[in-house]
Amino acid sequence: MKNPLLFSLTLLLIAGSVQAQNSHKFKRFGVGIYAGPQLFGKIYTDDKLADISGITAGLDIRYAFSKQPQGFSLHLQPSFNTFRHFTAEGANTQFYRETTWRWEAFHLPLLARYTFTSGRIRPFAEIGPTLRFRKALTIREYGYICGFAGCSNSDYTTNLQSEVNKDPIVLTAAAGVEIDVWKVTIPISVRLQEGLSSYEMKGYLADGPYYEGLKTRAIQVTAGISF
């Protein structure tokens, strides 16, 4: 009786394993959502990457060229993005200044992705152009100067949305991994978004500064869920 019982248990285990593997059926068309923080970036062409803040959140619409996960696929990912870049200098001195850049934009990336395996855990790489539709751009400058007569403060915010050229073309590149969990897929990636051209103010303001050599770069970490 032991051998038939052992054989039956083995069949049950194999059947359960096959059923578990087939619980996630790959579809050539798919849709999902993703979101994540912006961690590092810059605002000027000659700046180095620094800590930034902001988020990206959007949809992921997928078309795969094969009937299995491995291979090429196209991903249209409309998203909303925010960006905050803060710098400060002169802390605990007589002259202190801080600058905060903020923008908001809708992004429309079209990415070509290559997935390297068809297992439950699949690394991938992707790259493609992104259209950026900037909706807001401001700069806040705050500071103080201290002398014999005391300290004087300055704090003003300038709306640059209509004063600065838009940078509509961005290159997006990413590397990550897809993980199948039951009937859904969880993609996790690190993404680089690089503006392909610099931008500047359209003209000089009568009572304000002039900005040029602007070139946004941001590194994001995203996670999502796809069906």
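Quick rundown of the values:
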read-out	value
Normalised contact order of the chain, rounded percent, pairs of Cα under 8 Å and 6 or more residues apart	20 percent
Amide H partners (placed H, <5 Å) of residue 40, local residues excluded	52, 219
0 to 90° range, to nearest 10: angle between helix 2-21 axis and the chain longest Cα axis	30 degrees
Virtual spin-label span in nm between residue 227 and residue 159, 7 Å along Cα→Cβ	3.9 nm
Label zone at residue 61, where the point sits 7 Å out along the Cα-to-Cβ direction: the stretch 193-227 residues whose backbone N lies under 12 Å	none
The chain - mean residue ellipticity at 222 nm from DSSP helices (-39,500 (n - 2.57) per run, n ≥ 4, rounded to 500)	-3000 deg cm²/dmol
FRET efficiency for residue 212 and residue 110, using Cβ-Cβ distance with R0 set to 30 Å, rounded to 0.05	0.50
Accessible area expressed per residue, the stretch 177-227, with surrounding protein chains retained (probe 1.4 Å, Å²)	52 Å²
In order through the stretch 131-137: 3J(HN,Hα) via Karplus (6.51 cos²θ - 1.76 cosθ + 1.60), integer Hz, x for Gly, Pro	8, 10, 10, 6, 10, 7, 8
Listed residues 89, 104, 200, most fluctuating in the chain (Gaussian network, C-alpha, under 10 Å)	89
The stretch 87-227 - percent of accessible surface contributed by carbon and sulfur, probe 1.4 Å	61 percent
Derived scalar couplings ³J(HN,Hα) [the stretch 103-115; Karplus, 6.51 cos²θ - 1.76 cosθ + 1.60; whole Hz; x for Gly, Pro]	9, 10, 7, 8, 10, 10, x, 10, 10, 9, 10, 10, 9
Cβ-derived FRET efficiency at R0 41 Å, residue 27 paired with residue 140, nearest 0.05	0.30
Normalised contact order of the stretch 101-227, rounded percent, pairs of Cα under 8 Å and 6 or more residues apart	21 percent
Cβ-based net charge around residue 219, under 12 Å, with every Lys or Arg adding one and every Asp or Glu removing one	+1
Residue 39 paired with residue 181, simple spin-label distance in nm, labels 7 Å along Cα-to-beta-carbon	1.9 nm
Simple Cβ-charge dipole of the chain, Lys/Arg +1 and Asp/Glu -1, about Cα centre, in debye nearest 20	1380 debye
Karplus (6.51, -1.76, 1.60) ³J(HN,Hα), θ = phi - 60°, over the stretch 198-204, in Hz, Gly and Pro reported as x	7, 9, 7, 6, 6, x, 8
Cβ-Cβ FRET estimate between residue 84 and residue 120, R0 fixed at 41 Å, reported to 0.05	0.65
Over the stretch 166-227, relative contact order from alpha-carbon pairs under 8 Å, at least 6 apart, %	37 percent
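The values are calculated or read from the model by the stated rules, or taken from the named source; none is laboratory data. Note that this is a predicted model, so its numbers are computed, not measured. Because the Cβ atoms are built from the backbone with ideal geometry, glycine has one as well, and the counts that use them run over all protein chains shown. Note: areas computed on protein heavy atoms with side chains; ligands, DNA, RNA excluded. Shrake-Rupley method; radii C 1.70, N 1.55, O 1.52, S 1.80 Å.
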